[in-house]
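Trainee: Handing you a structure now.
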Amino acid sequence: MRIYHKAYVYLTCGTDLLVFNEPDTPWLGMQVPGGTIDPGESFLHGAMREFAEETGLTLDAAFDHFSDQDIPFETIPPVGQFRPAPDRPLLGRHIRRNYHVRIAEQPRQEWEHFEIYPSSGSGPIRYRFFWVDLFGPEAGDAENFFAAFGEPIEALRCRVPGIRKAA
């Protein structure tokens, strides 16, 4: 079984979480920025690099490791939130390190960006970035997220103390 080392960034601004989807593969659902660690690269440096590549943004903020995931894609049926794009198979074991980063102001409400050289070797991937309320129904349903990106949400909510948007 192939092993992938991955690092992801859960960026929050108040109670808002930065997520993205891939307009050209809408069945994947929401994701957070991050991806595969390069050989010899630390998880932290990989998280910083992948975040910049995928979002087009550079963060001048602390990256705080808050959770890990070990996801065996080999044993997960290819349905629902775990369905990979046909040209980007995810078979193998994904060892993830998740980082929380807080910022004071959103750089933009919504934007698109292309990852030009994805680690999968495929062509450019178009991402649409937007914010969801960490305590709202969209972020509250793990099925809205692709490949278990929603699992760390509860731990993330505990890190955003007492700030809830008025209904």
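Trainee: Can I get the semi-axes of the chain's equivalent ellipsoid? Compute them from the C-alpha gyration tensor as square roots of 5 times the eigenvalues, in angstrom, largest first.
Mentor: Here the semi-axes work out to 23, 18, 16 Å.
Trainee: Moving on. Given points 7 Å out from each Cα along the Cα-Cβ axis, report the residue 138 to residue 114 separation in nanometres with one decimal.
Mentor: Computed distance between label sites residue 138 and residue 114 equals 2.5 nm.
Trainee: State the extension gain, in nm to one decimal, for the chain segment bounded by residue 13 and residue 128, taking 0.36 nm per residue of separation less the distance between their alpha-carbons.
Mentor: Length gained between residue 13 and residue 128: 39.6 nm.
Values quoted throughout were computed directly from the atomic coordinates according to the rules given, and no laboratory measurement underlies them. None of the values given here were measured: they were computed from a predicted structure. We place every Cβ from the backbone using ideal geometry, glycine too, and count neighbours over all the protein chains shown.
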